[in-house]
1. Can you give me the relative contact order of the range 147-246 as a percent, contacts being Cα pairs under 8 Å and 6 or more apart?
2. Taking R0 as 56 Å, what's the FRET efficiency between D82 and N417 from their Cβ-Cβ distance, rounded to 0.05?
3. Which FRET efficiency value, to the nearest 0.05, do you get for V297 and Q372 by plugging their Cβ-Cβ distance into 1/(1 + (r/R0)^6) with R0 = 25 Å?
4. Report the gain in length on full extension from N121 to N68: 0.36 nm times residue separation, minus Cα-Cα distance, nm rounded to one decimal.
5. Based on the Cβ-Cβ distance from S91 to K163, what FRET efficiency comes out when R0 is 45 Å, to the nearest 0.05?
6. Counting other C-beta atoms within 10 Å, and keeping those with at most 16, which DSSP coil trypsin sites (Lys or Arg not before Pro) do you find in the range 390-436?
7. Under 8 Å for C-alpha pairs, at least 6 residues apart: give me the relative contact order for the range 213-308, rounded to a whole percent.
8. What distance in nm separates the two pseudo spin-label positions at S213 and K20, each 7 Å out from Cα along the beta-carbon direction?
Amino acid sequence: MFSKETYIQRRSELKRLVGKGVIILFGNNEAPANYPANAYSPMRQDSSFLYYFGQHRDGLVGVIDIDNDEEWLFGDDIDIEDIVWMGFVPSVADLAAEVGIIKTAPMKELSTICCRGTATNRTVHFLPPYRHDTKIQIMDLLGIHPLQQKEKASLPLIQAVVKMRSTKEAQEIEAIERACDVGYAMHTTAQSLIRPGITERFVGGQVDGVARSLAQGVSFATIFSQHGEIMHGNPSDAKLEAGRLALCDAGCELDDYCSDNTRTMPVCGKFDQRQLEIYSIVEACHDYVLEVAKPGVKYADVHFAVCRLMTERLKELGLMKGDTNEAVAAGAHAMFLPHGLGHMMGMDVHDMEGLGQIYVGFDEETRPNLEQFGTNCLRMGRRLQEGFVVTDEPGIYFIPALIDDWKASGHCKEFLNFDKLETYKDFGGIRIEDDLLITNEGCRFLGKQRIPYHPQELEEFMANNHLD
């Protein structure tokens with residue numbers, strides 16, 4: 001938690017941006033895993049509630065009545081039976097005071113505030129809900145069916161939250177840096193463990209253990225797989241095999257902020273020639289972002305600059321052909337890079353994605369292209385601003401089913417060498433990812449230590465830091 005003044009100032013700015021009406025920000029409740037008393041742990045608070053109200057306890061709702069200049073924290077104090085099982089928990093009034101709020105009330109009185117707003121035809125602002133219990137709560141309070149709540153969510157509130165949370169305060173950047181330091185420990189643990197015969201599940205479990213030991217936990221389900229061509233390849237019981245590549249995409253949450261990194265390693269500790277050729281292209285694309293990403297530049301333009309560099313290099317290997325600009329315009333590069341260069345990151349690993357990517361990663365000037373394969377997965381396209389944190393995660397993947405599909409249809413055949421692609425079906429995939437802060441003059445990677453990724457340093461690290 002930051003200082004009381006941080007939350008007071010944030011709520012004040014939110015009121016100014018939204019202008020009028022009643023804002024309701026729902027905190028999260030415990031989520032049962034398989035029966036009521038066995039909840040997922042630790043409880044994950046809603047990020048926007050956390051941003052403005054700062055408290056992690058379940059069962060809370062924050063209300064900001066802009067017109068009457070009132071701020072409330074609603075929630076029920078826990079009883080003695082809960083204290084026996086869970087220990088002492090501060091009262092709702094004490095939690096409110098910690099973030100500069102005077103008015104509190106039990107949850108049953110929340111409807112009074114909502115009625116006060118609707119009875120006077122004032123707008124009641126809420127964000128798009130993503131949990132079913134919150135959807136039921138909104139239906140009970142406002143009479144809006146869950147299927148209509150996404151479209152009924154307040155656009156002024158969404159835009160205000162996105163505006164505020166997109167630009168990171170200095171204390172937020174410091175928190176992300178700390179999370180990146182834990183990310184370093186997570187990924188170097190994986191690099192120290194990788195060897196033929198060990199299972200994906202074991203390495204993935206050790207990576208998760210570092211996050212649970214040094215932070216609040218993982219920021220998303222850890223991806224660790226020899227099948228790097230599968231974007232979200234969760235660890236399996238498969239044993240790592242000599243000659244393969246292992247991809248690890250993992251991050252943590254610490255002090256309510258995230259890290260997100262990806263590294264791809266040779267299982268035997270050394271790249272073979274073919275692996276090194278492809279890896280060096282991804283490495284060059286990853287590093288090129290440092291040269292072109294800066295305030296005022298569209299991240300979509302950075303993405304396509306990377307795609308052109310990748311295309312040029314793949315042409316040198318004979319995997320692509322033809323005019324580079326025409327190939328990228330046609331989307332031929334998406335055979336190898338079917339996702340965007342990166343996404344916003346902060347309190348959420350895909351920061352604010354639940355508010356609608358069209359508001360987070362795009363704006364009135366920069367609109368998404370939902371028609372072209374690959375480009376339709378671009379999560380961040382708008383102009384960069386100082387204080388933005390985005391991921392830089394180019395990759396090259398050889399997806400057998402995609403190769404077969406495009407070959408059969410002849411899609412982009414003037415730009416792709418399908419005969420050579422056939423020989424790469426057993427390759428897998430490579431991705432390199434770091435977290436990028438946009439500064440006043442350019443950008444820099446976050447984290448005090450860079451997880452090894454340049455080929456020679458990576459091979460040397462794996463050789464010198466092997467864990468039995």
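1. After rounding, I find 24 percent.
2. Efficiency computed from Cβ-Cβ geometry: 0.30.
3. After rounding, the FRET efficiency stands at 0.70.
4. 17.7 nm
5. Using R0 = 45 Å, I get an efficiency of 0.85.
6. Those that pass, being in a loop and sparsely packed, are K413, K425.
7. Here the relative contact order equals 22 percent.
8. Result for the modelled spin labels: 5.7 nm.
The values are calculated or read from the model by the stated rules, or taken from the named source; none is laboratory data. This one's a predicted model, so the numbers in the text were calculated from it and none came from an experiment. For neighbour counting, all protein chains shown are included, and Cβ atoms are generated from backbone atoms with ideal geometry for every residue, glycine included. Calculation scope for accessible area: heavy atoms of the full protein, side chains included, ligands and nucleic acids excluded. Shrake-Rupley method; radii C 1.70, N 1.55, O 1.52, S 1.80 Å.
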